[in-house]
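Student: I have a structure I would like to understand better, so I am pasting it below and will then ask my questions one at a time.
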């Protein structure tokens, strides 16, 4: 019988799904985020590209004036 591995919780769980969750945004990432958004990328696509949660993408876009 295989041992059951406990599910990660907290930050580990979030980082498992969104690798860059809670990391600082760089100027280069900000510029790329704006460019992709202006070119029609969806929030879902941006989540995948940047490895971040929906709220992080939305919040960053608001902070950058979008």
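Student: Being exposed (fewer than 15 other Cβ atoms within 10 Å of the Cβ) and touching a helix residue (DSSP H, G or I) at 6+ places or on another chain (Cβ under 7 Å), is that true of even one residue in region 31-42?
Tutor: Checked region 31-42: no residue is exposed (fewer than 15 other Cβ atoms within 10 Å of the Cβ) and touching a helix residue (DSSP H, G or I) at 6+ places or on another chain (Cβ under 7 Å).
Student: Still on this structure: Determine which single condition residue 27 fails, assuming it passes every other condition in (1) surrounded by 11 or more Cβ atoms within 10 Å (Cβ to Cβ); (2) at pLDDT 95 or above.
Tutor: So residue 27 meets the others, but not (1).
The values are calculated or read from the model by the stated rules, or taken from the named source; none is laboratory data. On a predicted model such as this, the values are computed, not experimentally measured, just so you know. Quick reminder, even Gly has a Cβ in these numbers, built from the backbone with ideal geometry, and neighbours come from all protein chains shown.
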